[in-house]
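The next block holds one structure in the form of structure tokens; read it before the comments.
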Amino acid sequence: MKFEHYTDQIRQWPQDGRHLLAQYDDDGIVVYQAYRPSIAEYAVKHQRFGGDFSFNRMSWIKPNFLWMMFRAGWATKESQERILAVSIRRTFFERILERAVASSFAASGSADKVEWEKAIENSDVRLQWDPDHDPFGQPIARRAVQLGLRGETLVEYSSAAIIGIEDVTAFVHEQHGNVTGDCTRLITPRERAYVPGDTAARHLGISSWPLD
């Protein structure tokens, strides 16, 4: 993984709109999940999910590090004590964006509720936009995304789609101590706005933003 000072990165991030902030390269993209120790330890050891991991419920992935920190309380919340950075294939990520359906009718942009309900029933991927947050947990104007996976898509994510799994909990604890003042000491994973390819779902409402 690559890291940069938070104060350097915020100058390059869009300040509002819907954006997929993420660390990525030509082959993969990093997403984050928070788990209890037994699930995290199995995942790191075997480089796939299994053991106490449940395939019977929706599993949510987040490409934005600070969004994960907000949801997990910097690895302090119960059953979210371990933070995993999961590198997955970009081809897989593009496919789940294509399959994603908004988690609520109001956010779907659809004029037909029955049509949206059918799409929800037939899709293994949920998409939800929420307010992004600063390191202190305060909401900001920019929106962040989380993607819920289930069924065959979750099975593929848990093994075949994975490039590597890293436990970054120690890094999270260290950097949580740097969330003070103007955060000049805070270091976070290097993230930029990710723009899906032409075949990915533009209907998801992702705001346009120039790539590096």
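Just to be sure I understand the filter: pairs with C-beta atoms under 8 Å, separated by 6 or more residues or on different chains, first member in region 25-53 and basic (Lys, Arg), second member surrounded by 13 or more Cβ atoms within 10 Å (Cβ to Cβ). Which pairs pass?
Arg36/Asp52; Arg36/Gln80; Arg36/Glu81; Arg36/Arg82; Arg48/Ser158; Arg48/Ile162; Arg48/Ile165
Can you report the number of residues in region 70-85 which are touching a strand residue (DSSP E or B) at 6+ places or on another chain (Cβ under 8 Å) and either surrounded by fewer than 18 Cβ atoms within 10 Å (Cβ to Cβ) or not β-branched (Val, Ile, Thr) (or both)?
11
Search region 23-69 for residues being over 15 Å from the mean Cα position of the chain (by Cα) and among the hydroxyl-bearing types (Ser, Thr, Tyr), and hand back the single one that is surrounded by the fewest Cβ atoms within 10 Å (Cβ to Cβ).
The selected residue is Ser54.
Each row is one residue, and each column tells you yes or no for (1) within 18 Å of the chain's Cα centre (by Cα); (2) closer than 15 Å to Val31 by Cα; (3) of a type in the set (Asp, Glu); (4) at pLDDT below 95.
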position	(1), (2), (3), (4)
Ala106	no, no, no, yes
Glu117	no, no, yes, yes
Val145	yes, yes, no, yes
Arg150	yes, no, no, yes
Gly164	yes, yes, no, no
Ala170	no, no, no, no
Ala201	yes, no, no, yes
Ile206	yes, no, no, yes
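Restricting attention to region 123-167, and to residues there that are acidic (Asp, Glu) and part of a strand (DSSP E or B), which single residue is surrounded by the most Cβ atoms within 10 Å (Cβ to Cβ)?
By that ranking, first place goes to Asp132.
The values are calculated or read from the model by the stated rules, or taken from the named source; none is laboratory data. Being a predicted model, the structure only gives us computed values, none of them experimental. Every residue, glycine as well, gets a Cβ built from its backbone with ideal geometry; the counts of neighbours run over all protein chains shown.
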